[in-house]
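**Student:** Here it is, the structure, as structure tokens.
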Amino acid sequence: MSDPAIRLRDVHLTLGQGRTAVHVLKGVSLEVARGESVGVVGPSGSGKSTLLMVLAGLEQADSGTVAIAGTELGALSEDQLAAFRGREVGIVFQSFHLIPNMTALENVAVPLELSGRPDAFERAERELAAVGLGLRAHHYPGELSGGEQQRVAIARALAPEPALLVADEPTGNLDGETGRQIADLLFSEQKRRRMTMVLVTHDTGLAARCGREVRVRSGTVEAEAAFA
């Protein structure tokens, strides 16, 4: 039997120091199967986004085990962790995080170039076409709508063909119709590529489109529910 895409065991994480320290994750345990889609929901300040950052290797747990695609992140050096993220984890944020003085094509190609892919621009062109932006490849972020910018961010996240896609409120900055289009794109690509996706959202309708919902409250996994 293959390893799950995600295995967390008794994960604790405190952010800040001294009087400002906050125990954000309090013994979180979670397993996600390969190819599964999971919606993470809960009130503001519950630890949802911090949990996503731990899954992405952007925050390191103080204790416990974090294994992604069979690799324990705590055993990796900073350089190894960065290389692992570049290969195995795609990240989509609410606020796009595009480089403003680079075109859409360059934004998608940069992480591929950094990982040493010789076909970085060819792959970036294919990914932009896959998200419906083949004709906007040479436009800068400031020349694109919010929905188009999020499509570029999705293409950038998917270009390395990651095992895991994590998305933090990916429709949060978009109007209702554009948000639905972006959600449709995420789920169609997740199914087409058979990759694992973990999506943090306040939108219960969006979470219900996932195969399973995980509810986080006060830094712990409060409940899980599978959807038909």
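The values are calculated or read from the model by the stated rules, or taken from the named source; none is laboratory data. This structure is a prediction, so every number in the text was calculated from the model and none was measured. Cβ coordinates were reconstructed from backbone atoms using ideal geometry, including for glycine residues, and neighbour counts include every protein chain displayed. Side chains included, ligands, DNA and RNA excluded: accessible areas come from the protein's heavy atoms. Shrake-Rupley method; radii C 1.70, N 1.55, O 1.52, S 1.80 Å.
**Student:** Could you please find all residues in segment 144-178 being among the small types (Gly, Ala, Ser) and without any contact (Cβ under 8 Å) to a residue 24 or more places away in the chain?
**Tutor:** Across segment 144-178, the qualifying residue is only Gly176.
**Student:** Out of (1) under 29 Å from Val54 (Cβ atoms); (2) surrounded by 15 or more Cβ atoms within 10 Å (Cβ to Cβ), what's the single condition that is false for Glu113?
**Tutor:** (2)
**Student:** I need the full set of residues from segment 178-228 which are of a type in the set (Phe, Trp, Tyr) and at pLDDT below 95, in order please.
**Tutor:** Correct list: Phe227 only.
**Student:** Among the residues of segment 184-228, write down those that are touching a residue at least 60 places away in the same chain (Cβ under 8 Å) and of a type in the set (Lys, Arg).
**Tutor:** Passing the criteria: Arg194, Arg209, Arg212, Arg215, Arg217.
**Student:** If Leu144 passes every condition in (1) within 28 Å of Ala82 (Cβ to Cβ); (2) at pLDDT 95 or above; (3) touching a Lys or Arg at 6+ places or on another chain (Cβ under 9 Å); (4) open to solvent by 60 Å² or more (accessible area, probe 1.4 Å) but one, which one does it miss?
**Tutor:** Among (1) within 28 Å of Ala82 (Cβ to Cβ); (2) at pLDDT 95 or above; (3) touching a Lys or Arg at 6+ places or on another chain (Cβ under 9 Å); (4) open to solvent by 60 Å² or more (accessible area, probe 1.4 Å), the lone unmet condition for Leu144 is (4).
**Student:** Right, another one. Which pairs have Cβ atoms under 6 Å, sit 6 or more apart or on different chains, and link a residue in segment 18-46 that is closer than 24 Å to Thr171 by Cα and among the hydroxyl-bearing types (Ser, Thr, Tyr) to one that is outside any helix (DSSP H, G or I) and open to solvent by less than 40 Å² (accessible area, probe 1.4 Å)?
**Tutor:** Ser37/Met197; Ser37/Cys210; Ser37/Gly211; Ser46/Val216
**Student:** Only residues that are under 30 Å from Asp184 (Cβ atoms) and open to solvent by 70 Å² or more (accessible area, probe 1.4 Å): list them for segment 4-38, please.
**Tutor:** Across segment 4-38, the qualifying residues are Arg7, Glu31, Arg34.
**Student:** Turning to a different aspect of this structure: If a residue has to be open to solvent by 10 Å² or more (accessible area, probe 1.4 Å) and part of a loop (DSSP other than H, G, I, E, B) to count, how many in segment 149-161 make the cut?
**Tutor:** 2
**Student:** Taking Ile99, is it of a type in the set (Val, Ile, Thr), under 24 Å from Gln149 (Cα atoms) and open to solvent by 50 Å² or more (accessible area, probe 1.4 Å)?
**Tutor:** It is true that Ile99 is of a type in the set (Val, Ile, Thr), under 24 Å from Gln149 (Cα atoms) and open to solvent by 50 Å² or more (accessible area, probe 1.4 Å).
**Student:** Does segment 52-64 contain at least one residue that is modelled with pLDDT of 95 or more, touching a Gly at 6+ places or on another chain (Cβ under 9 Å), small (Gly, Ala, Ser) and within 21 Å of Leu186 (Cβ to Cβ)?
**Tutor:** No, segment 52-64 contains no residue that is modelled with pLDDT of 95 or more, touching a Gly at 6+ places or on another chain (Cβ under 9 Å), small (Gly, Ala, Ser) and within 21 Å of Leu186 (Cβ to Cβ).
**Student:** Return a yes/no flag: does segment 57-70 have any residue that is in contact with a strand residue (DSSP E or B) (Cβ under 6 Å, 6 or more places away or on another chain), open to solvent by 40 Å² or more (accessible area, probe 1.4 Å) and small (Gly, Ala, Ser).
**Tutor:** So far as segment 57-70 goes, yes, one or more of its residues are in contact with a strand residue (DSSP E or B) (Cβ under 6 Å, 6 or more places away or on another chain), open to solvent by 40 Å² or more (accessible area, probe 1.4 Å) and small (Gly, Ala, Ser).
**Student:** Only one of these is out of contact with any Leu (no Cβ under 6 Å at 6 or more places or on another chain) and under 17 Å from Ala104 (Cβ atoms): Leu158, Leu186, Leu164. Name it.
**Tutor:** Leu158
**Student:** Another one. Is one or more of the residues making up segment 75-88 in contact with a strand residue (DSSP E or B) (Cβ under 9 Å, 6 or more places away or on another chain), closer than 25 Å to Arg151 by Cα, surrounded by 19 or more Cβ atoms within 10 Å (Cβ to Cβ) and modelled with pLDDT under 95?
**Tutor:** Yes, segment 75-88 has at least one match.
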